[in-house]
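Just below is one structure, and these are the notes that go with it.
The values are calculated or read from the model by the stated rules, or taken from the named source; none is laboratory data. Small disclaimer: the values here were computed from a predicted structure and weren't measured. Methodologically, a virtual Cβ is constructed for each residue, glycine included, from the backbone with ideal geometry; neighbour enumeration extends over all protein chains shown.
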Amino acid sequence: MAGDKKTKQLAKQLFKLSLVNGQVSAEQVAGVLGYIEKSAPRHPLALLKLYHRAIATEFAKSRAIVEHAGPISDSTLKLIEGAMTKKYARPVTASAQPNPKLFAGLRVRVGSDLYESTVSGQLANLSNAV
């Protein structure tokens, strides 16, 4: 059961055990999965889903998805990586993702944070202000 309080607490504890110096460690994750396999906890599927969500959320914090309308250079991606690494005080890698719905500009997503500098975004802000 996904709503089970003990299952949520265990998933949170297992997630914390998966971190080394604030970053997800493949060895630690393997150890956690081995523990889950051997111990057969209550609601193992719900536990694995909660654990997976926590790990995926943590990985998303280290990845900047850069949506762009036109071509984007590698140097621009490196500049975005550097700016996001500095802002979040952790290594962030940027990857380009073309978005034909954008007219011009960039949209950068790091985890749940969104930074938008697109024409459509500026037009939407302008229409909301009027």
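Looking only at the stretch 1-15, which residues are free of Cβ contacts under 8 Å to residues at least 40 places away in the same chain and buried (at least 17 other Cβ atoms within 10 Å of the Cβ)?
L10, L14, listed by residue number.
Just to check your reading of the model, which residue among E81, E37 is farther than 26 Å from L114 by Cα and either surrounded by 15 or more Cβ atoms within 10 Å (Cβ to Cβ) or more than 20 Å from the chain's Cα centre (by Cα) (or both)?
When all the criteria are applied, what remains is E37.
Residues checked against (1) outside the structural domain of Q23 (by TED's automatic domain parsing); (2) on the phi > 0 side of the Ramachandran plot; (3) modelled with pLDDT under 85:
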| site | (1), (2), (3) |
| --- | --- |
| G70 | yes, no, yes |
| D74 | yes, no, no |
| A89 | yes, yes, no |
| V92 | yes, no, no |
| A104 | yes, no, yes |
| R107 | yes, no, no |
| V110 | yes, no, no |
| L123 | yes, no, yes |
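Test E81 against the criterion of being of a type in the set (D, E), over 30 Å from K12 (Cα atoms) and not assigned by TED's automatic domain parsing to the domain that holds K12, and give yes or no.
So E81 does not fit the description; no.
Name the pairs whose Cβ atoms lie under 8 Å apart, with the first residue in the stretch 36-48 and closer than 15 Å to D4 by Cβ, the second part of a loop (DSSP other than H, G, I, E, B) and of a type outside the set (A, V, I, L, M, F, W, C), and 6 or more positions between them or separate chains?
So the pair list comes out as R42/D4; H43/D4; A46/D4; L47/P41.
Listed residues S25, S95, S18; which is within 15 Å of the chain's Cα centre (by Cα), of a type in the set (S, T, Y) and either surrounded by 13 or more Cβ atoms within 10 Å (Cβ to Cβ) or closer than 18 Å to D113 by Cβ (or both)?
S95
Might you let me know whether the stretch 51-65 holds any residue that is small (G, A, S), outside the structural domain of N99 (by TED's automatic domain parsing) and surrounded by fewer than 14 Cβ atoms within 10 Å (Cβ to Cβ)?
Yes, because at least one residue in the stretch 51-65 is small (G, A, S), outside the structural domain of N99 (by TED's automatic domain parsing) and surrounded by fewer than 14 Cβ atoms within 10 Å (Cβ to Cβ).
Of the conditions (1) among the basic types (K, R); (2) within 22 Å of V24 (Cβ to Cβ); (3) touching a residue at least 12 places away in the same chain (Cβ under 8 Å), K86 clears all except one; give me its number.
Only one criterion in (1) among the basic types (K, R); (2) within 22 Å of V24 (Cβ to Cβ); (3) touching a residue at least 12 places away in the same chain (Cβ under 8 Å) is unmet by K86, namely (3).
Restricting to the stretch 112-121, name every residue that is outside any helix (DSSP H, G or I) and either small (G, A, S) or at pLDDT below 80 (or both).
Scanning the stretch 112-121 gives S112, S117, T118.
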